[in-house]
1. Go through the stretch 22-54 and give me each residue that's over 26 Å from residue 123 (Cβ atoms) and either surrounded by 17 or more Cβ atoms within 10 Å (Cβ to Cβ) or among the hydroxyl-bearing types (Ser, Thr, Tyr) (or both).
2. Give the stretch 37-68 a look and list any residue that's among the charged types (D, E, K, R) and closer than 21 Å to residue 101 by Cβ, or say none.
3. Of all residues in the stretch 1-37, how many are acidic (Asp, Glu), modelled with pLDDT under 95 and either in a helix (DSSP H, G or I) or in contact with a Lys or Arg (Cβ under 8 Å, 6 or more places away or on another chain) (or both)?
4. Which residues, taken from the stretch 79-138, are under 22 Å from the mean Cα position of the chain (by Cα), closer than 22 Å to residue 9 by Cβ and touching a residue at least 24 places away in the same chain (Cβ under 8 Å)?
5. State whether the residues of the stretch 69-78 include one that is modelled with pLDDT under 95 and on the phi > 0 side of the Ramachandran plot.
6. Out of the stretch 1-46, which residues are closer than 15 Å to residue 116 by Cβ and in contact (Cβ under 8 Å) with a residue 60 or more places away in the chain?
7. Tell me the residue from 94, 103, 85 that is in contact with a helix residue (DSSP H, G or I) (Cβ under 7 Å, 6 or more places away or on another chain) and at pLDDT 85 or above, please.
8. How about the stretch 55-70: which of its residues are of a type outside the set (A, V, I, L, M) and either surrounded by 15 or more Cβ atoms within 10 Å (Cβ to Cβ) or in contact with a helix residue (DSSP H, G or I) (Cβ under 8 Å, 6 or more places away or on another chain) (or both)?
Amino acid sequence: MPTKTVKLSAYYRAAGNLNEENPKDLIDKLSIYGKILELIGGIYGDAFNDWGMAEAERREIIANGIYHRPSVDGGETPSSDKKGEAAGELLAKEARRKEKKFEAEKERWRKAYDSTSEQINIMKKRYDHLVNVAKGGV
């Protein structure tokens with residue numbers, strides 16, 4: 001089964017072969033862009049989930065780093081001082097980088113969704129204009 005990004009590429013190729021000056025082709029292109037938008041929405045959802053899971057992992061690493069760090073007085077009480085927080089943050093350094101990569105990917109797909117939605121709106125206006133011109137309007 002093709003991946004979502006492979007399907008996206010195929011849809012973009014199909015849409016690129018259509019003539020926007022022809023109302024039927026434009027309607028077909030709008031239909032394809034609807035499918036593109038649906039796929040991008042799914043990819044965005046997956047990316048949002050990946051980012052959320054990476055954030056949860058980072059928070060867990062920090063919490064474990066603080067909780068399992070020996071207390072200042074040598075007892076069993078977890079450290080809650082600034083050094084404990086810093087130790088937790090240091091342990092989570094790689095997780096934070098991973099989280100930021102997932103966050104960037106999430107944002108990339110959100111922006112792709114928004115721009116595709118705008119392209120669909122522009123094509124709708126273009127179609128309305130073509131129909132109006134075909135009826136003798138301006």
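The values are calculated or read from the model by the stated rules, or taken from the named source; none is laboratory data. Keep in mind that what you see is a predicted model, and the values were worked out from it rather than measured. So basically every Cβ, Gly included, is an ideal-geometry build from the backbone, and we count neighbours across all protein chains shown.
1. 48, 50, 51, 54
2. Step one: of the stretch 37-68, the residues among the charged types (D, E, K, R) are 38, 46, 50, 55, 57-60.
Listed by number, the residues that qualify are 46, 50, 55, 57, 58, 59, 60.
3. The total comes to 1.
4. Within the stretch 79-138, 105, 106, 108, 109, 110, 112, 113, 116, 117, 119, 120 qualify.
5. Checked the stretch 69-78: at least one residue is modelled with pLDDT under 95 and on the phi > 0 side of the Ramachandran plot.
6. 29, 30, 33, 34, 36, 37, 40, 41, 43, 44 - these are the residues of the stretch 1-46 that are closer than 15 Å to residue 116 by Cβ and in contact (Cβ under 8 Å) with a residue 60 or more places away in the chain.
7. It is 103.
8. 55, 57, 58, 64, 65, 69
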